[in-house]
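Nothing in this text is a laboratory measurement; each read-out follows from the coordinates by a stated rule. If you're wondering where the values come from, they're calculated on a predicted model, not measured in any experiment. In this analysis, Cβ positions are derived from the backbone assuming ideal geometry, glycine residues included, and neighbour counts consider all displayed protein chains.
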Amino acid sequence: MVRNKRGRGRIAGVTDRLAPGDAAPSFTLPDDTGSEVSLSDFAGRKVIVYFYPAAMTPGCTKQACDFSDNLASLRGEGYEVLGISPDKPEKLAKFREKESLGITLLSDADKTVMEAWGAFGEKKLYGKTVQGVIRSTFVVDEQGKVAVAQYNVKATGHVAKLRKDLGL
């Protein structure tokens, strides 16, 4: 067994996962317009960062629309929402336009941010073990620490569950 950076045991080759209290890994990624967005742009504010496999697929569309539909109330509670996928900015722009999304969509084409957050690695897909994006959601507090880390979340109903978990 190999020890991860927090001293907890893990199986060799399995990506470290973030836990509440960990510092949120910093990043700068292009949005759907090509402009760069950094996590540090939101310093002093609460941010929901969620990772999804692919724009314009049924589950990812449902999840993005749920976050967009809840964006005004989430912002009212002090939260901003960043959705990150491996899609290129051009595809994210089409996704935003097609679904009238209000959330910030970011492109992690080389998946380095996903790997840093433990949101890329081995997962089960139709009974097979594959490498891919692990649908995950994190809440980063005003100090840049992970307050909530949820891996393998369901696309449908996830936003309602997250709101309940956050007491909103």
Within the range 21-78, tally of residues that are closer than 23 Å to LYS154 by Cβ, within 16 Å of the chain's Cα centre (by Cα) and of a type in the set (Asp, Glu): 1
Criterion violated by ALA155 - all others in (1) without any contact (Cβ under 8 Å) to a residue 60 or more places away in the chain; (2) touching a helix residue (DSSP H, G or I) at 6+ places or on another chain (Cβ under 7 Å); (3) aliphatic (A, V, I, L, M) satisfied: (1)
Complete set of residues in the range 79-132 that are in contact with a strand residue (DSSP E or B) (Cβ under 6 Å, 6 or more places away or on another chain), closer than 24 Å to ARG45 by Cβ and in a strand (DSSP E or B): TYR79, GLU80, VAL81, LEU82, GLY83, ILE84, THR104, LEU105, LEU106, SER107
Qualifying positions in the range 76-132 - loosely packed, with under 13 Cβ neighbours inside 10 Å and touching a helix residue (DSSP H, G or I) at 6+ places or on another chain (Cβ under 8 Å): SER100
Members of the range 49-59 that are at negative phi and surrounded by fewer than 22 Cβ atoms within 10 Å (Cβ to Cβ): PRO53, ALA54, THR57, PRO58, GLY59
Residue, farthest from ALA109 (Cα to Cα), within the range 133-163, restricted to residues that are of a type in the set (Gly, Ala, Ser) and either surrounded by fewer than 16 Cβ atoms within 10 Å (Cβ to Cβ) or in contact with a strand residue (DSSP E or B) (Cβ under 8 Å, 6 or more places away or on another chain) (or both): ALA160
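Restricting attention to the range 20-27, does a residue exist that is closer than 20 Å to GLY132 by Cβ and outside any helix (DSSP H, G or I)?
Yes, some residue in the range 20-27 is closer than 20 Å to GLY132 by Cβ and outside any helix (DSSP H, G or I).
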Residue in the range 46-58 that is part of a helix (DSSP H, G or I) and touching a Ser or Thr at 6+ places or on another chain (Cβ under 8 Å) present: no
